[in-house]
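The values are calculated or read from the model by the stated rules, or taken from the named source; none is laboratory data. Predicted model only: the values in this text are computed from it and were never measured. Note that each Cβ is placed from the backbone with ideal geometry, even for glycine, and that neighbours are counted across all protein chains shown. Remember, those area values only see protein heavy atoms, side chains included, never the ligands or the DNA or RNA. Shrake-Rupley method; radii C 1.70, N 1.55, O 1.52, S 1.80 Å.
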Amino acid sequence: MNVTVDTDKCCGAGQCVLLVPEVFDQGEDDGIVILLDPSPAEPLHAAVREAASVCPASAITLDGRS
């Protein structure tokens, strides 16, 4: 699985960070998501898919879903 984040779309809501802090973080100044791991390991895939589905800005894109 490959994860990308459109930081221009990100509204800084932080649901992704709460769900998968191993993959996502937020900037301290603006709250915009920081992608920590663009290719997370299999055990995190379900949580990353959930994070993408709850993103209010639809800023998270997944390729090669498993």
Inside the stretch 1-11, can you point out the residues that are exposed (fewer than 14 other Cβ atoms within 10 Å of the Cβ) and either part of a helix (DSSP H, G or I) or touching a Gly at 6+ places or on another chain (Cβ under 7 Å) (or both)? N2
Where a residue in the stretch 53-66 is at pLDDT 95 or above and its partner, wherever it lies, is among the basic types (K, R) and assigned to a helix (DSSP H, G or I), with Cβ under 9 Å and at least six apart: L62/R49
Of everything in the stretch 26-66, what is closer than 18 Å to M1 by Cα, assigned to a strand (DSSP E or B) and either β-branched (V, I, T) or open to solvent by less than 70 Å² (accessible area, probe 1.4 Å) (or both)? Give them in sequence order. I34, L35, I60, T61, L62
Taking the stretch 12-24, which residues are in contact with a Leu (Cβ under 7 Å, 6 or more places away or on another chain) and crowded, with 16+ Cβ neighbours inside 10 Å? V20, V23, F24
